[in-house]
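The values are calculated or read from the model by the stated rules, or taken from the named source; none is laboratory data. Only a predicted model underlies this, so the values are computations on that prediction, with no experimental measurement involved. Cβ atoms come from the backbone with ideal geometry, glycine included; neighbour counts cover every protein chain shown.
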Amino acid sequence: MKIIIVDDDPLICKSLSILLSKETDIQVLGTANDGEEAIRLCEQQLPDLVLMDIRMPDVDGIQATRLIKKRFRSIRIMMLTTFQDKANIQMALKAGAEGYLLKTDKIANIAGKLRMLYEGTAVIDSTVLKTLTSREVTSFEKLTPREKDVFDLVTQGLTNKEIATHLFLSEGTVRNVLSNIMDKLNVKNRTQLSLIADGKEENVQK
């Protein structure tokens, strides 16, 4: 099994590379520190599997996963992250990831789950699965009525100026409200907001 490791922390990349390389059936082809570098490495090395972090500068793990799966359907993606909130889990799976593990897992378990994914079995950490299937209060319910209005318009593709005109607000106010929304939903750009909107539960009040 040929893999590449992607994480914005070079120390984590190095540690994972050393430990996983000790497995006789795992060959680490290289490491990358951001999503763009990961895409280039996939083009050059054509790995069987990518071990992918989520939060990285510029092109994050979710964006990189979407682009890699679009171009290389046979490459499997295993997310390895500290994030276990429902929004990130859903976005990663929607982007095409077949596995989702937490960095708190033991290296022996990670190696075993990489083998499972390589063989075609989707792998989701039990803690992550519990979060994914829970019926706890969603982040959307934490949004104020004004934030919900702005969220809906953003996901419809309106610019800050158009939203300001539509809601009779200043562009500065729209930017501030949008910043609050992103903080509450734990995302950092409009693309991720749109992905959340696609997977939003029908019973969430707007």
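For this structure, a couple of remarks:
- Exclusive hit being within 13 Å of the chain's Cα centre (by Cα), surrounded by fewer than 17 Cβ atoms within 10 Å (Cβ to Cβ), closer than 22 Å to Ser15 by Cβ and among the hydroxyl-bearing types (Ser, Thr, Tyr), set Thr104, Thr82: Thr82
- Of residues in region 135-185 being among the small types (Gly, Ala, Ser) and assigned to a helix (DSSP H, G or I), the one nearest to Ala197 (Cα to Cα): Ser139
Here's the yes/no breakdown for (1) touching a His at 6+ places or on another chain (Cβ under 8 Å); (2) at pLDDT 90 or above; (3) within 22 Å of Lys86 (Cα to Cα):
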position	(1), (2), (3)
Val150	no, yes, yes
Leu153	yes, yes, no
Gly157	no, no, no
Asn160	no, yes, no
His166	no, yes, no
Thr173	no, yes, no
Asn176	no, yes, no
Ile181	no, yes, yes
Lys184	no, no, yes
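- Scanning region 1-27 for residues that are touching an Asp or Glu at 6+ places or on another chain (Cβ under 9 Å) and part of a loop (DSSP other than H, G, I, E, B) gives Met1, Asp7, Asp8, Asp9.
- Beta carbons closer than 7 Å, at least 6 apart along the sequence or on distinct chains, pair a first residue in region 33-58 that is farther than 16 Å from Ala95 by Cα with a second that is of a type in the set (Lys, Arg) and part of a strand (DSSP E or B) for Pro47/Lys2; Asp48/Lys2; Asp48/Arg76.
- Candidate set: region 157-194, residues that are charged (D, E, K, R) and under 20 Å from the mean Cα position of the chain (by Cα); chosen: the one surrounded by the fewest Cβ atoms within 10 Å (Cβ to Cβ): Asp183
- On the stretch given as region 38-66, residues that are surrounded by 16 or more Cβ atoms within 10 Å (Cβ to Cβ), more than 23 Å from Ile107 (Cβ to Cβ) and among the acidic types (Asp, Glu) total 1.
- Apart from one condition, Met91 fits all of (1) touching a strand residue (DSSP E or B) at 6+ places or on another chain (Cβ under 9 Å); (2) more than 20 Å from Met116 (Cβ to Cβ); (3) surrounded by 15 or more Cβ atoms within 10 Å (Cβ to Cβ); the exception is (1).
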